[in-house]
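Since the structure comes first, as structure tokens, the remarks are kept for the end.
The values are calculated or read from the model by the stated rules, or taken from the named source; none is laboratory data. Note that the coordinates shown come from a computational prediction; the quantities given were computed from them, not determined experimentally. Counting neighbours? That spans all protein chains shown, and the Cβs are built from the backbone with ideal geometry, glycine included.
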Amino acid sequence: MYRDILESCGIKYSRQSAADITTFKGGGHAIVALPKDEAEFVELMERLEGSGAQYRLLGGGSNTIITDGEARTLLISTRELSKIEFDGDSVRALAGARLADIRREAHMRGLGAFEFLSGVPATVGGALYSNAGAFGEDMSKYVEQVQILQYRCDFCGAAHVQKTAMSARNAFEYRRGISEPILSATFRLSEMSMVESEAQARRYMAYRRERQPRQPSCGSVFVNGKTPSGKLIEQCGLKGVRLGGAQISEVHANFIVNAGGATSADFLGLVELCEREVLDRFGVTLAREFVLIH
Ligand SMILES: Cc1cc2nc3c(=O)[nH]c(=O)nc-3n(C[C@H](O)[C@H](O)[C@H](O)COP(=O)(O)OP(=O)(O)OC[C@H]3O[C@@H](n4cnc5c(N)ncnc54)[C@H](O)[C@@H]3O)c2cc1C
């Protein structure tokens, strides 16, 4: 059904392998649409809304697992929506801009940005969706406004896409951000010398290198509760357990890595094992942090 819409909008699309579009690098295939600019993106979203087609946005694919075989869900990649515009200490970035690119440009202007996420391959849209964070900081620290797409017009009540700017700070909780489609965001940055920004980034990256696995993964599998999920999984003796090509990391038990040729079934088998064991042993229900595309 979505193919007709893609064809009539003239939007580029292709069948892509999870190995190429997710950082876990395992799973099946999906059709990925690639709007080339804001106008195409908005038009596509408008046409898809109410069409009955199943679709989902895709940023850097660093929190995404694609089911084995052929996914029914159309993925809309924001890769081409990567424009970044600075105005003093404020920056507006389209949803597909990589945080690493914003940080690099901020450096040149004597500004600091997202140092705590150094080494995390996130885009603006993906990071705002989950309010990505680490080392006690998260995206809400920087956000001033987010431009989202809303489908029902407040004035006429009809279902069509409108761009709405929301003042975003109070929209965030721990690992919960903005669930509407994000077009762009404006961040307020603060002064920081390039030397200091790089020193911070290096410190955070060194910490990650020491305590997190280097193999392909989707980051933390479960959200942390009162006791970190990795600790609970480790205490169940599951560190290093392997299923097919997937493995509960020996370095950090809240990561499941692709140790070579992992399928999404391998990954999900280990996810379910962790959920079962942690529930049996500690009575704790683990909450999944990754997004599964069917
Ligand atoms: C090695 C590694 C380390 C990581 N460390 C951290 C960490 O320290 N902290 C942390 O929070 N996360 C971490 N992650 C997880 C991941 O990087 C973050 O969740 C990141 O914010 C996801 O961004 P993305 O662009 O890759 O999102 P994707 O995986 O592409 O998408 C994730 C979700 O965001 C939605 N989305 C994407 N774009 C938009 C948009 N424009 N509008 C609305 N929704 C959108 C998607 O539909 C999907 O539901 C790590 C991942 C890896 C691989």
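Reported count of residues in the stretch 251-279, each being touching a residue at least 24 places away in the same chain (Cβ under 8 Å) and over 20 Å from residue 63 (Cβ atoms), is 4. Scanning the stretch 170-185 turns up at least one residue that is exposed (fewer than 13 other Cβ atoms within 10 Å of the Cβ) and modelled with pLDDT under 85.
Summed over the stretch 212-224, residues that are farther than 15 Å from residue 133 by Cα and either at pLDDT below 95 or more than 11 Å from the ligand (Cβ to nearest atom) (or both) total 0. Residues in the stretch 225-243 that are within 16 Å of the ligand (Cβ to nearest atom) and touching a Leu at 6+ places or on another chain (Cβ under 7 Å): 229 alone. Only residues that are within 14 Å of the ligand (Cβ to nearest atom) and at pLDDT 95 or above were counted across the stretch 104-119, and they come to 5. Remark: pairs (first residue in the stretch 136-148, part of a helix (DSSP H, G or I); second residue surrounded by fewer than 17 Cβ atoms within 10 Å (Cβ to Cβ); Cβ separation under 6 Å; 6+ apart in sequence or on different chains) = 140/169. The condition (being modelled with pLDDT of 95 or more, of a type outside the set (A, V, I, L, M, F, W, C), surrounded by 14 or more Cβ atoms within 10 Å (Cβ to Cβ) and assigned by TED's automatic domain parsing to the domain that holds residue 104) is satisfied by just one residue among 247, 235, 200: 200. Counting residues in the stretch 64-75 that are touching a residue at least 40 places away in the same chain (Cβ under 8 Å), of a type outside the set (Gly, Ala, Ser), closer than 18 Å to residue 185 by Cβ and within 12 Å of the ligand (Cβ to nearest atom) gives zero. The criterion of at least 2 residues that are exposed (fewer than 14 other Cβ atoms within 10 Å of the Cβ) is met by the following strands (runs of 3 or more DSSP E) wholly inside the stretch 1-59: 13-17.
Of the set (1) modelled with pLDDT of 95 or more; (2) touching a Cys at 6+ places or on another chain (Cβ under 7 Å); (3) over 17 Å from residue 246 (Cα atoms), all apply to residue 31 but (2).
Set side by side, the residues 80, 85 differ, and just one is among the charged types (D, E, K, R) and more than 18 Å from the chain's Cα centre (by Cα), which is 85.
Applying the condition of being touching a helix residue (DSSP H, G or I) at 6+ places or on another chain (Cβ under 9 Å) and within 23 Å of residue 42 (Cα to Cα) to the stretch 87-101 and asking which residue is nearest to the ligand (Cβ to nearest atom) yields 95.
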